[in-house]
Amino acid sequence: MQTTTMTTPDFAAITARQQATWASGDYSAIAARIPVISELLVDAADLRSGTRVLDVAGGSGNTALAAARCGCDVTSLDYVPSLLERGRQRATAEGLPVAFVEGDAQAMPFPDAAFDAVISVVGVMFAADQEASAREMLRVCAPGGTIALANWTPEGFIGGLFRTIGAHVPPPAGISPPPLWGTEDRVRELLGEGVREMALRRRRYTFRFDSPRHFTDFFREMYGPTLKAFAALDQDGRESLETEIDGLVRRFDRLGGDGPVAIPAEYLEIVATRS
Ligand SMILES: C[S@@+](CC[C@H](N)C(=O)[O-])C[C@H]1O[C@@H](n2cnc3c(N)ncnc32)[C@H](O)[C@@H]1O
């Protein structure tokens with residue numbers, strides 16, 4: 001008789017590897033292209049001045065700064081010190097009092113109900129243990145508070161990028177793909193009874209580059225997941241991945257050709273009320 005053994009993923013080991021991945025390259029260069037996603041999410045969440053806001057997996061501060069500009073009392077959590085440092089520099093330059101805290105979204109260093117709003121832009125979706133990070137967001141959000149997320153969808157361009165990378169360098173066994181956070185079913189499953197109202201909206205951000213290859217080179221240099229995938233492959237694998245990412249860009253590009261590209265990347269915007 002054949003038996004199947006279900007092993008629990010080693011989340012601590014996977015998280016350590018993922019932390020090293022996000023610390024590689026320079027994610028702040030990617031973030032510099034997408035602040036509009038943060039501005040739109042903060043607006044959709046209707047954050048008012050004085051609200052205690054936590055930006056989860058906040059990277060170099062796009063969302064934290066957007067909320068701080070509204071007069072919110074903002075804390076930004078991430079596990080990559082260099083990105084937090086970049087966020088601090090940006091906040092100082094703008095004269096905004098944001099607290100940047102090093103920590104794991106799956107075990108946050110905050111008391112229960114410490115915040116009136118918990119937000120994350122393409123951030124918490126990347127924590128390996130989705131159930132744990134969902135539980136933590138609900139725990140630190142006060143009853144009646146807001147949980148607002150922007151998550152890349154599986155069908156969208158970045159969902160496609162992760163599938164393309166995963167076909168060359170398989171993701172860790174047993175963990176849910178990050179873009180599942182970009183589906184209504186999975187969001188409802190993860191937040192469950194912890195929220196009582198939820199508004200969902202599909203939106204698109206358009207990446208713009210000089211050419212398909214410019215996108216591929218930029219992400220290969222700056223974006224940890226792409227950088228690490230190329231680094232794990234031999235020469236043939238690298239050429240094949242490069243060709244496939246170029247092809248993905250061409251499939252999504254609205255302009256066509258070898259010149260400038262405009263790549264709509266779909267994400268799911270979620271604004272929920274904590275029960
Ligand atoms: C795609 S970036 C988005 C950063 C930021 N939210 C933004 O919009 O610019 C993903 C971020 O999630 C952070 N991250 C992923 N898993 C995390 C975890 N378990 N705990 C804390 N940060 C995490 C990474 O360090 C990285 O900064």
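Read-outs throughout are calculated quantities, based only on the coordinates presented, and are distinct from any laboratory measurement. Computed from a prediction, not measured in an experiment: that's the story for all the values here. Cβ atoms come from the backbone with ideal geometry, glycine included; neighbour counts cover every protein chain shown.
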Q | Principal-axis tilt of helix 81-94 within the chain, Cα atoms, nearest 10 degrees | A | 60 degrees
Q. To the nearest 10 degrees, how steeply does helix 157-168 sit against the main Cα axis of the chain, on a 0 to 90 scale?
A. 50 degrees
Q: Using R₀ = 22 Å, calculate the FRET efficiency as 1/(1 + (r/R₀)^6) where r is the Cβ-Cβ separation of Glu239 and His214; round to 0.05.
A: 0.80
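As a footprinting exposure proxy, order Leu84, Leu41 by other Cβ within 10 Å, with the fewest listed first. Working shown, then result.
On the way: Leu84 21, Leu41 25.
Ascending Cβ contact count within 10 Å gives the list Leu84, Leu41.
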Q | For Arg204, residues with placed amide H under 5 Å, excluding near neighbours | A | Tyr267
(Q) Please list 3J(HN,Hα) in residue order for the range 205-221, calculated via the Karplus relation 6.51 cos²θ - 1.76 cosθ + 1.60 where θ = phi - 60°; whole Hz, with x for glycine and proline. (A) 10, 9, 6, 10, 9, 6, 6, x, 5, 4, 4, 4, 5, 4, 5, 5, 8
Q: Give the distance, in whole Å, between the Cα centre of the range 132-182 and the Cα centre of the range 20-63.
A: 15 Å
Q: At 7 Å along the Cα-to-beta-carbon direction for both Ala173 and Asp73, put a label point, then send me their distance in nm to one decimal.
A: 4.8 nm
Q: Apply the Karplus parameterisation 6.51 cos²θ - 1.76 cosθ + 1.60, with θ equal to phi minus 60°, to every residue of the range 96-106 and state each ³J(HN,Hα) to the nearest whole Hz, in sequence, with x for glycine and proline.
A: 10, x, 9, 8, 9, 10, 7, x, 9, 4, 8
Q: Scan around Ser211 for amide H atoms under 5 Å from its own, H built in the peptide plane at 1.01 Å from N, and keep only partners 5 or more places away or cross-chain.
A: Val261
Q) Quick one: helix 235-252 against the long Cα principal axis of the chain, what's the angle to the nearest 10°, folded into 0 to 90? A) 60 degrees
Q | Computed FRET value (nearest 0.05) for Asp10 with Arg196, which takes r as the C-beta separation and R₀ as 25 Å | A | 0.10
